[in-house]
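Notes follow once the structure below has been shown.
The values are calculated or read from the model by the stated rules, or taken from the named source; none is laboratory data. The shown structure was predicted, so the numbers you read here are calculated from the model rather than taken from an experiment. Note: ideal-geometry Cβ built from the backbone for every residue, glycine included; neighbour counts use all protein chains shown.
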Amino acid sequence: MSEENSATRSNFITDIIDEHLENGRFDHVHTRFPPEPNGYLHIGHAKSICLNFGIAEAYGGKTNLRFDDTNPTKEEVEYVESIQEDIRWLGFDWEDRLFFASDYFDAFYEYAIQLIKQDAAYVCDLSADELRQYRGTLTEPGKNSPYRDRSVEENLDLFERMKNGEFPDGSKTLRARIDMSSPNLNMRDPVLYRILHADHHNTGDKWCIYPMYDYAHGLSDSLEHITHSICTLEFEDHRPLYDWILDQLDVFHPQQIEFARLNLTHTVMSKRKLLQLVREGFVSGWDDPRMPTLSGMRRRGYTPQAIRNFVDVVGVSKANSIVDVELLEHVLRDDLNERARRVMAVLEPLRVIIDNYPEEQEEAFEIPYFPYQDDSPIRQVPFSKEIFIERTDFMEDPPKKFYRLAPGREVRLMNAYYITCTEVVKDDDGNVVELHAEYDPESRGGMSPDGRKVRGTLHWVSARHALSAELRLYDYLFSKADPYEVPEGGDFTDNVNPESLQVLSDAKLEPSLKEAGVYEPFQFMRQGYFCADADSAPGALIFNRTISLVDTWAKMQRGN
């Protein structure tokens, strides 16, 4: 295995693969990522994507992208397209190996006939409710279906008639004949096919019977000659059925391996729950920046490398656990700190008029985008008589440790001049609406020639050159670390945070941000990391706050 890919460093999965390569079971590695196109991918899927593609890459192997499109009532082309976009955005490429389970519907049907002929499958007339009753419980064995002993000829005839559309939905199923007393409920004559008169996005109305996932999964892997079928832990109890089907048919047999899925605090990962949030209007869509979907995280300003780094930090485990979302934020800050250009933006502007600055004078300061890099690119930041500062950077009657602007106090304007507040202008309600100040012309660049020091440094934007923008400040979508912690009769949506989105409609930005690219990361000095939203346009700028500057996770680690 290559040592270059740290995301696939040695773990229990690579140990299994190494053993297979050593004992000759396989002479190469071929994995697959098999999403169901019934929703958008989320960060939990990112772990599986990185694992499947990363492991194959580390061993010089290949990865297929295969859509598990066996349920036409829940699947849409929109989801197929979004999934491909997300995988490419993460930096992975399936080359020419794009497949659909529906590509194999004809083969699945022929395999089902083979199982019937081997007396390993039968057509059952039990309803869905009756199937549940006959299945038994974890402590009680199931009961044989009264249709279990149909002859091979009768089963072949009924199955063909199912395919031909003679029976209504739910009236019959094809079941494997295994063991209704098995301690594993998945082995109690599981359903392989159900009747579903529904058009499919790939096959149209050709089929009115559709394979169950457990049947299609292993056979798709086999047909594609996947060597290692890497799944999340909930499929561990399904592995005996995976193996049974392949053994009965005596076809190429991949190895299924299960790992713990990713769970995050303040987050739901169920596509069904995420769809509920979309449909009930708690979010604006699948790509809402508060959603854990990859499209939502991309829109919020997450970078592919940050997500891949996070997956690497979390690692691969066989035990389920919940990861603190603050670890994800810590990894994100580390990534953005290296790539985000530093600029100035005033979120809640307060106008300051510098009385002794010449009326028509303008000047520009050369300010590096990365102040701590010797070779940082430079931008020109204009300065004029009127500027904007943050409203929170001024207090008329400040407490003892407030070091920002106050009446009679001198502060530094970042990379510009020292100014001293000389007058406070209020409206009829007593609200501060404007400040007047004087500047020290000798302090250009933010340094005083006489060596005097000030304790406060403020960011600012020239009023004459400022760009107006809407800023969207995001917080956790759920106020509780466990969104499912609700009183009896409650719903997880009861924990939706009503303060998860705050909109500032008149922020002021320095003019260099006029050409900001969509999702391009910036650090608004002293405020946080932001990116231009996809809805942003010239004259109607919109920026999303990706994350604040405060790293609570790092502070907690230092405290420990």
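Looking at the range 360-371 only, could you name the residues that are touching a residue at least 60 places away in the same chain (Cβ under 8 Å) and surrounded by fewer than 16 Cβ atoms within 10 Å (Cβ to Cβ)? It would help to see each step written out before you state the result.
Filtering the range 360-371 down to residues touching a residue at least 60 places away in the same chain (Cβ under 8 Å) leaves 362, 365.
The answer is 362, and nothing else.
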Only one of these conditions is not met by residue 83: (1) out of contact with any strand residue (DSSP E or B) (no Cβ under 7 Å at 6 or more places or on another chain); (2) in contact (Cβ under 8 Å) with a residue 24 or more places away in the chain; (3) surrounded by fewer than 20 Cβ atoms within 10 Å (Cβ to Cβ). Which number is it? (3)
Given the structure, is residue 382 in contact with a Ser or Thr (Cβ under 6 Å, 6 or more places away or on another chain), in contact (Cβ under 8 Å) with a residue 12 or more places away in the chain and closer than 30 Å to residue 496 by Cβ? no
Looking only at the range 183-238, how many residues end up being closer than 25 Å to residue 259 by Cβ and either of a type in the set (Asp, Glu) or outside any strand (DSSP E or B) (or both)? 28
Only residues in the range 148-177 that are small (Gly, Ala, Ser) count as the first member; pair them with residues that are in a strand (DSSP E or B) and modelled with pLDDT of 95 or more, Cβ under 8 angstrom, at least 6 apart or cross-chain, and list the lot. 170/194; 170/195; 171/195; 176/121; 176/192
Just give me the residues in the range 407-455 being of a type outside the set (D, E, K, R) and in contact with a Gly (Cβ under 9 Å, 6 or more places away or on another chain), in sequence order. 411, 413, 414, 415, 416, 417, 418, 420, 421, 422
From the set of residues in the range 524-540 that are surrounded by fewer than 22 Cβ atoms within 10 Å (Cβ to Cβ), over 22 Å from residue 284 (Cβ atoms) and touching a Lys or Arg at 6+ places or on another chain (Cβ under 9 Å), which is modelled with the lowest pLDDT? 538
Filter the range 440-465 for residues that are surrounded by 21 or more Cβ atoms within 10 Å (Cβ to Cβ) and either without any contact (Cβ under 8 Å) to a residue 40 or more places away in the chain or farther than 16 Å from residue 395 by Cβ (or both) and give the result. 459, 460, 461, 462
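Condition check ((1) surrounded by fewer than 21 Cβ atoms within 10 Å (Cβ to Cβ); (2) at pLDDT 95 or above; (3) within 24 Å of the chain's Cα centre (by Cα); (4) under 24 Å from residue 312 (Cα atoms)) across all residues:
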site: 2; (1), (2), (3), (4): yes, no, no, yes
site: 5; (1), (2), (3), (4): yes, no, yes, yes
site: 9; (1), (2), (3), (4): yes, no, yes, yes
site: 18; (1), (2), (3), (4): yes, yes, no, yes
site: 33; (1), (2), (3), (4): no, yes, yes, yes
site: 43; (1), (2), (3), (4): no, yes, yes, yes
site: 63; (1), (2), (3), (4): no, yes, yes, yes
Count, please, the residues in the range 135-166 that happen to be surrounded by fewer than 18 Cβ atoms within 10 Å (Cβ to Cβ) and not charged (D, E, K, R). 13
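Would you be able to tell me the number of residues in the range 477-487 that are surrounded by 18 or more Cβ atoms within 10 Å (Cβ to Cβ) and either free of Cβ contacts under 8 Å to residues at least 60 places away in the same chain or part of a loop (DSSP other than H, G, I, E, B) (or both)?
Step one: list which residues in the range 477-487 are surrounded by 18 or more Cβ atoms within 10 Å (Cβ to Cβ), which gives 477-478, 483.
This time we only want the ones that are either free of Cβ contacts under 8 Å to residues at least 60 places away in the same chain or part of a loop (DSSP other than H, G, I, E, B) (or both), so: 477, 483.
Total satisfying the criteria: 2.
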Out of the residues in the range 491-515 meeting the condition of being more than 17 Å from residue 474 (Cβ to Cβ) and touching a Leu at 6+ places or on another chain (Cβ under 8 Å), tell me which one is surrounded by the fewest Cβ atoms within 10 Å (Cβ to Cβ). 514
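Residue by residue, here is whether (1) surrounded by 18 or more Cβ atoms within 10 Å (Cβ to Cβ); (2) of a type in the set (Val, Ile, Thr) holds:
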position: 240; (1), (2): no, no
position: 245; (1), (2): yes, yes
position: 278; (1), (2): yes, yes
position: 294; (1), (2): yes, no
Look through the range 192-222, keep the residues that are of a type outside the set (D, E, K, R) and more than 33 Å from the chain's Cα centre (by Cα), and return whichever of them is nearest to residue 144 (Cα to Cα). 195
Mind listing just one residue for me: the one in the range 45-61 that is touching a residue at least 40 places away in the same chain (Cβ under 8 Å) and small (Gly, Ala, Ser) and, of those, surrounded by the fewest Cβ atoms within 10 Å (Cβ to Cβ)? 60
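Yes or no, residue by residue, for (1) under 19 Å from residue 441 (Cβ atoms); (2) loosely packed, with under 13 Cβ neighbours inside 10 Å; (3) outside the structural domain of residue 423 (by TED's automatic domain parsing):
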| residue | (1), (2), (3) |
| --- | --- |
| 354 | yes, no, no |
| 358 | yes, yes, no |
| 373 | no, yes, no |
| 376 | no, no, no |
| 386 | yes, no, no |
| 392 | no, yes, no |
| 395 | no, no, no |
Going through 209, 195, 226 one at a time, which residue ends up being at pLDDT 95 or above, closer than 30 Å to residue 47 by Cα and not aromatic (Phe, Trp, Tyr)? 226
Inside the range 62-73, the number of residues satisfying the requirement of being in contact (Cβ under 8 Å) with a residue 60 or more places away in the chain and farther than 14 Å from residue 227 by Cβ is 7
So which residues in the range 488-521 are in contact (Cβ under 8 Å) with a residue 40 or more places away in the chain, in a strand (DSSP E or B) and under 17 Å from residue 390 (Cβ atoms), if there are any at all? 504, 506, 507, 508, 509
So the check is Cβ under 6 Å with 6+ separation or different chains; which pairs have a first residue in the range 26-39 that's assigned to a loop (DSSP other than H, G, I, E, B) and a second one that's among the polar types (S, T, N, Q)? 26/227; 29/227
Six or more apart or on different chains, Cβ under 6 Å: which pairs go from a residue in the range 102-128 that's assigned by TED's automatic domain parsing to the domain that holds residue 144 and within 13 Å of residue 175 (Cα to Cα) to one that's aromatic (Phe, Trp, Tyr) and surrounded by fewer than 21 Cβ atoms within 10 Å (Cβ to Cβ)? Could you list them? 124/147; 125/147
